[in-house]
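The block underneath contains the structure these notes are about, expressed in structure tokens.
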Amino acid sequence: MAVLPVVKFGDPILRKKTEPVTNIQDAVALADDMFDTMYEEAGMGLAANQIGVSLNFMVVDISQVEGEDGRPLIIINAEILETHGQADMEEGCLSIPDIRATITRPAEIVLGYLDEDGEAQEDSFDGLLARVIQHEVDHLNGVFFTDYLTPAKRSLINKRLTEISETGAPSTGIIL
Ligand code: NI
């Protein structure tokens, strides 16, 4: 088991669009450590650039959440092909500790990706799983959930984001 440090807001790697994965085995090997890291931090998803690797893959597992089932997923070279509906859900992020906010996103997605065997898949996701995957796809494109906040709400967290950039954590938490 290897728990890796999670890269925090302010590190330029998190603003950079990741490159497509070409070596599936290398990505899957790294995904093992990413699962360890995600479970240690009680997260539901983790993008590769959050552990400092600028490649397009993520790990996701919502089975720890009460009332949800599912299994650990490795999602490689993800592309959102379709979106449907709209839902509000509170989000947080291991790279932006102690800040949570309700964000509006599509309720359902159709995702094209490669699985851990390198096989092309096209699946529909809804509910919490659709939410987590969209959050991680954003990471892989250099986007944070806080980017969706209105200027007024954004002004409430700007100081905290600076603190995270400088020290890794804000002096106080907030839920928007
Ligand atoms: Ni995140």
**Report entry** Residue list for the range 1-16, filter: in a helix (DSSP H, G or I) and open to solvent by 60 Å² or more (accessible area, probe 1.4 Å)
**Finding:** PRO12, ARG15
Requested in this report: Please state which of the following conditions ILE133 fails to meet, knowing it meets all the rest: (1) open to solvent by less than 10 Å² (accessible area, probe 1.4 Å); (2) within 13 Å of CYS93 (Cβ to Cβ); (3) of a type in the set (A, V, I, L, M, F, W, C).
Outcome: (2)
Report summary line: Scanning the range 139-167 for residues that are open to solvent by less than 20 Å² (accessible area, probe 1.4 Å), closer than 19 Å to LEU46 by Cα and part of a helix (DSSP H, G or I) gives HIS139, LEU140, PHE145, THR146, ILE164
Query raised in the report: Of the numbered conditions (1) open to solvent by 20 Å² or more (accessible area, probe 1.4 Å); (2) in a helix (DSSP H, G or I); (3) in contact with a helix residue (DSSP H, G or I) (Cβ under 6 Å, 6 or more places away or on another chain), GLU116 satisfies every one except a single condition; which is it?
Result: (2)
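The values are calculated or read from the model by the stated rules, or taken from the named source; none is laboratory data. As the structure is a prediction and not an experimental result, all values here were calculated from the model. Ideal geometry is used to build each Cβ from the backbone, glycine not excepted, and the neighbour counts take in all protein chains shown. We work out accessible area using only protein heavy atoms, side chains counted, and drop any ligands, DNA or RNA first. Shrake-Rupley method; radii C 1.70, N 1.55, O 1.52, S 1.80 Å.
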